[in-house]
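> Here it is: the structure, laid out below.
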Amino acid sequence: MPPTRYVIVGAGIVGLAVAHRLLLDRPHATVTVLEKDGRVGAHQTGHNSGVIHSGIYYRPGSLRARLCVAGARSMVAFCEENGIAMEITGKLIVATAPDELPRLRALAQRAVANGVPARLLDPAEARAIEPHVACLAALHVETTGITDYRAVCDTLAKLVTERGGQVRLAARVTAVSATTVRTSDGDVPVDVLVNCAGLHADRIARLAGLAPEVRIVPFRGEYFTVRRDLVRGLIYPVPDPSLPFLGVHLTRMVDGSLHAGPNAVLALAREGYRWGRVDLRDLAEAASYPGLWRLGRRHLGTGVAEVRRSLSRRRFAASLARLVPEVTRDDLVPAPAGVRAQAVTRSGALVDDFLLLRGEGIPDGRTGVATGPRGQLHVLNAPSPAATSSLEIARRIVDELPT
């Protein structure tokens, strides 16, 4: 019997981790990764703040919580084994207003439930860790770390090719049939399709004959580099529990620089890394989707505040000054932005957990012939901490794929 032909769409960290895990567990399989851009990790993976998250934020027992806690351990071990820059810095989550204190205590309880080492601190104890921080109380999360996820992607791609897999760059998927994935760089035979296309995951699912019940909506997160050396590790605010974003924070990077951000504004293109980048197709799809309008009505105040902060360096600095009062607008230098692929339901809800859609060949209504591969798995939502969790997400995905 010939080996199963697996095709993974997307050479971000999740797609590459799936390819790597497939070749570890099924060494005789044929594995091909297709990436429309000219390098791996070109989008979400290469535009984040490099944090190895601990798993403290997520609902106990949720897939997100379990994969993050296990994924942090796996990612640290992977970086150590492959000589990738990594540091366990710990981080402070700080309450700066009285109404945040109950939420901070709730996070401390989640830490216990999720098995994450953390302890509550008074202001003096917090300043012993971060001398410039201002807070009413803080939660010290000991296992949070930092790494370079682009370097992780480069290493995964190297390991995939060393084990006989292919990583084909500049290969945009244009069509999917029962036996073939058509790309801008030629056709690829397929038995099992794994869609890790991130910002375009819903479109790939539709090409494969499925009808996902969510739409990808792009949110741009803007970052600044902070000129002054004011933070030793990471300082985060207490997050808003109604949103899947962690708020503007300060992060020491593995190269020693200090980054601030991100905010979260609706991007005008799925790859809209700046305000001037507009894609009419992306914009029309978003504007015609009722879930986006319902989401906007539900979070209008928050959305307006995020846009105002995006357009004002002074407002951005003021958000940071709640955490570290010495930060001023003159300390901020624009840094590359990121775009997050956020799945939104038709009801306007932000999907806050990993979302996988499974399928088999779907018969065409006119011909009765299957339009998609016999096995399909589509990663339709991979929110933060997807990079942290990527090796464990891959393990779970591969366990569910047909052989």
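The values are calculated or read from the model by the stated rules, or taken from the named source; none is laboratory data. A quick note: this is a predicted structure, and the numbers were derived from the prediction, not measured. Neighbour counts are summed over all protein chains in view; Cβ atoms, including those assigned to glycine, are modelled from backbone coordinates with ideal geometry. Each accessible area value is taken on the protein alone, full model and side chains, heavy atoms only, with ligands, DNA and RNA left out. Shrake-Rupley method; radii C 1.70, N 1.55, O 1.52, S 1.80 Å.
> At 1.4 Å probe size, with the rest of the protein present, what percent of the exposed accessible area of the stretch 168-308 is carbon and sulfur atoms?
Heavy-atom surface of the stretch 168-308 belonging to carbon and sulfur, 1.4 Å probe: 56 percent.
> Taking the Cα centre of the stretch 34-83 as origin and charging only Cβ (+1 Lys, Arg; -1 Asp, Glu), how large is the dipole, in debye to the nearest 20? Don't skip to the answer; put the middle values down first.
On the way: 6 positive and 4 negative charges, 61 e Å.
Value, rounded to 20: 300 debye.
> Can you give the charge dipole size of the stretch 5-66 about its Cα centre, rounded to the nearest 20 debye, using +1 on the beta carbon of Lys and Arg and -1 on the beta carbon of Asp and Glu?
200
> Contour minus end-to-end for ASP25 and GLU142, with contour as 0.36 nm per residue of separation and end-to-end as the Cα-Cα distance? Let's see the in-between values first.
On the way: separation 117, 0.36 × 117 = 42.12 nm, distance 3.25 nm.
Full extension of this stretch gives 38.9 nm more.
> I want to check the label-to-label distance for ARG322 and ASN82. Put each point 7 Å from Cα in the C-beta direction and report it in nm to one decimal.
Taking the simple label geometry, ARG322 and ASN82 are separated by 3.7 nm.
> For the stretch 277-402, what is one quarter of the convex hull surface built on the Cα atoms, given in nm²?
11.9
> Let me ask something else about it. Put +1 on the Cβ of each Lys and Arg and -1 on the Cβ of each Asp and Glu in the chain; which of ILE216, LEU63, THR302 then has its Cα farthest toward the positive end of the dipole?
So the residue furthest toward the plus end is THR302.
> Any idea of ASP25's accessible area? Nearest 10 Å², probe 1.4 Å.
Number for this one is 70 Å².
> Report D for the stretch 137-191 in µm² per second (integer): Stokes-Einstein, Kirkwood Rh on Cα pairs, 20 °C, 1.002 mPa s.
Numbers: Rh = 14.6 Å.
This corresponds to a translational diffusion coefficient of 147 µm²/s.
> Could I ask something else about it? Between the stretch 168-241 and the stretch 370-403, what is the C-alpha centre distance in whole Å?
Taking the Cα centre of each part, the stretch 168-241 and the stretch 370-403 sit 12 Å apart.
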